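Here the structure is laid out as structure tokens; the discussion comes afterwards.
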Amino acid sequence: QLTGEIGTNIDGLTKLANLDLANNRFRGQVPHGLGGIPTLSYVRLSNNRFTGAFPTSFISLNNLHTLLIDNNAIGGTLPALIGMMETLVNLRLQQNDFYGELPNFSDATILETAHFDDNFFTGSLPEFGSQRLRELYLDKNSFTGAIPLSYGDHPKLQVLSARNNELNSAIPLSLASATNLRVLDLSYNKLSGELRESFSLLTELKQLYLNNNRLEGSFPSWLGSMKTLEIAHFNNNLFSGDLQLGYEFENLDNLKEFTIEVNEIVGIVPESVCDLLLDVLTADCWGNPAAVDCPCCT
């Protein structure tokens, strides 16, 4: 592993296209001189010990398509102009010390992956203008307010993860239009309202984490129509009424985890659900009498 600081004379490499210094022990600031290398298209500085602020000189790199500076100690606020980098395809800023509001990325029209998780961002969730967006990670920050309606306008979005924030709206019905979603993780927020049947349109969904929110109303009886579902966590919410899983639920052959404990649900988990031999199945099956009768729950 290499150590020390990167010299300020690196901008002398005027024809450099790819820079990969990941998985070392470099420290100090990322040299602003990198922004003076117009040929740079790929920068990977992940898993080091870089500190200081985001190098604003990167904004001028008109050929930069991949910027990976995750897992360092880079901090401060992000310049608003980062959202106007039209050539960006892959952006990974996770596991740093960034704070403040995250700029909108309306002009980054070919962005495909964006990782902002495990920082200290606050304010509203940003908007994205790319129709190519596939992965959006916003976990472990302090975002507040609503999930933007526009998040349902990304036809190629496969992963939307915003767990461990302070989001406090209803889940927008527009998300049901993001029909390529494979992973939807909105757990550990303050989301409220009911889950509408339109979410059953997410027929490619494999992992659904809605636990530890304030969702209410009847438990979704349409869940059994989501044939690809592998993980479904609904525990620690305010769902109420009789548990009606529907006859289709027993055909969820891919389901491995199903959690509904710590709600206000009553009723019976059918033995046909037990026959699915899930790795994890939890419900409010304790007490005398138990709120939920389940012969195989934990």
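The values are calculated or read from the model by the stated rules, or taken from the named source; none is laboratory data. Keep in mind the model is a prediction, meaning the values are calculated, not measured. Backbone-built Cβ (ideal geometry, glycine too); neighbour counts: all protein chains shown. Just so you know, the surface numbers come from the protein's heavy atoms only, side chains and all, with ligands and any DNA or RNA stripped out. Shrake-Rupley method; radii C 1.70, N 1.55, O 1.52, S 1.80 Å.
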message: Which pairs turn up if I take residues in segment 229-244 that are at negative phi and look for partners that are part of a loop (DSSP other than H, G, I, E, B) and aromatic (Phe, Trp, Tyr) with beta carbon separation below 6 Å, at least 6 apart in sequence or on another chain?
response: Phe239/Phe219; Leu243/Phe219
message: Need pairs with beta-carbon distance below 7 Å; first residue open to solvent by less than 60 Å² (accessible area, probe 1.4 Å) and within segment 270-297, second modelled with pLDDT under 85 and of a type in the set (Lys, Arg); sequence gap 6+ or separate chains.
response: none
task: Would you kindly identify the strands (runs of 3 or more DSSP E) lying entirely within segment 156-243 that contain at least 2 residues that are open to solvent by 60 Å² or more (accessible area, probe 1.4 Å)?
output: 214-218, 238-242
statement: The condition from (1) open to solvent by 40 Å² or more (accessible area, probe 1.4 Å); (2) in a loop (DSSP other than H, G, I, E, B) that Asp70 misses is numbered (1)
- request: Six or more apart or on different chains, Cβ under 7 Å: which pairs go from a residue in segment 16-31 that's farther than 15 Å from Thr3 by Cα and of a type in the set (S, T, N, Q) to one that's modelled with pLDDT of 95 or more and not in a loop (DSSP other than H, G, I, E, B)? Could you list them?
  value: Asn18/Tyr42
